[in-house]
Amino acid sequence: MTGEKTGGLTDVPGIRVGHATDPVGLTGCTVVLCEEGAIGGVDQRGGAPGTRETDLLRPMHLVEKVHAVLLTGGSAFGLAAADGVMRYLEERGVGFDTGVAKVPIVPAAVIFDLSLGDPAARPDAAMGYAACQAATDGPVPEGNVGAGTGASAGKVLGVTRAMKTGIGSAAIRLGDGLVVAALMVANPFGNVVDPQTGWILAGVRPPDMERPADTLLLLQFFYEQGLLRPFPTTNTVIGVVATNARMSKEQVNKVAQMAQDGIARAVRPAHTMFDGDTLFALATGEKPADVNVVGALAAEVVAQAIVRAAKMAESAGGLPAHRDLSGRS
């Protein structure tokens, strides 16, 4: 892929990222602030989503700009953290002007991390507010922070045979100044793989194997042996793609749709009924750009960010991480 690989989501001017982390309960939340407003879009493909304010992002709806996006642990309980984000923005006079009040537009998506750490520990409004206070336009912390604190991958044999993952970010800058970046929380039912090599970075660990195994092969084996059973919905890959491109609401939604291909490249299998895969897209409107180029780059940085979410994670909750098995990050 041409273009310079750079730091992460905050490479897009006007975007700030903040984490709030509970390292004991193994949960947390991450806020992406765009207080000047950014055209928003969304694409949701998993079968078990937990979301807020996604309908208004679709074409043919009134509101075009959003002021923040929340990524959070805690399953549906974690959506309460968005209240803290709204309070933070309201205090600063940021929001959609209704004539009687400015209402901050804060879409959100959750991962299920209740199986790791303390299931009673969930992000709340105070944690959402704290994430906003911590937000900066500096390098984005990755790994076991924010919404990635309780993330894991490879749960076909249950969470105890999974591996620790987290949150990761990546960006590409073209020569004309166009930036496309992603921030991803990797918590899939399937494995995280390196699209360049096919190597499993984090995934299911059968008891008799030192390295993670192929989830798809295990699913085929279970099916052929009549051993398929309902799997817990303890998963989901969620994230934000941002760009400084000037785009319509329809185009931003197209970018979110194309960006989902990045999940399919780095997660195997992706978009199952046990995942709630949801991608938000934001366009700050600074540079004219072609939607096809932005969408193609979006898929690339999504895959890169998911890979980083696995590589930057550290062991926690009794689960090893990629760096523990490989000896490198």
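The numbers here are math on the coordinates, done by the rules we state, and not lab data. Everything quoted here is computed from the prediction, not taken from an experiment. Counting neighbours? That spans all protein chains shown, and the Cβs are built from the backbone with ideal geometry, glycine included.
Values computed for the structure shown
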read-out: Relative contact order (%) - criterion: Cα under 8 Å, at least six apart; region: segment 4-321; value: 25 percent
read-out: Most mobile listed residue (Asp43, Asp118, Asp176) in the chain, GNM with C-alpha springs under 10 Å; value: Asp176
read-out: Burial order of peptide ranges 177-189, 14-26 (average beta-carbon count within 10 Å, highest first); value: 177-189, 14-26
read-out: Computed [θ] at 222 nm, deg cm²/dmol, the chain (DSSP H ≥ 4; -39,500 (n - 2.57); rounded to nearest 500); value: -7000 deg cm²/dmol
read-out: Ranked list, fewest to most other Cβ atoms within 10 Å of each Cβ, for Met60, Met258, Met273; value: Met60, Met273, Met258
read-out: In Hz, Karplus ³J(HN,Hα) per residue of segment 136-141 (6.51, -1.76, 1.60; θ = phi - 60°; x = Gly, Pro); value: 9, 9, x, x, 7, x
read-out: Fewest-first ranking of Arg45, Arg246, using other Cβ atoms within 10 Å as the exposure measure; value: Arg246, Arg45
read-out: Sequence-distant residues sharing a close amide H with Arg58 (under 5 Å, placed H); value: none
read-out: Per-residue Cβ neighbour rank within 10 angstrom, fewest leading, Glu53, Glu36; value: Glu36, Glu53
read-out: Cα-based helix-to-principal-axis angle, 215-224 vs the chain, degrees rounded to 10; value: 60 degrees
read-out: Subset of Lys164/Lys287; Lys102/Lys287; Lys102/Lys164; Lys65/Lys164 violating a 31 Å alpha-carbon distance limit; value: Lys164/Lys287; Lys102/Lys164; Lys65/Lys164
read-out: Interatomic Cα distance distribution for segment 4-321, bins of 20 angstrom, percent; value: 38, 55, 7, 0
read-out: Descending principal axes extents, segment 134-270, alpha-carbon based, whole Å; value: 54, 32, 28
read-out: Modelled FRET efficiency - R0 30 Å, Val103 with Glu314, Cβ distances, 0.05 increments; value: 0.20
read-out: Nearest 10 degrees, 0 to 90: helix 291-311 Cα axis against the chain principal axis; value: 50 degrees
read-out: Estimated inter-spin distance, Glu91 and Phe222, nm [label 7 Å along Cα→Cβ]; value: 4.5 nm
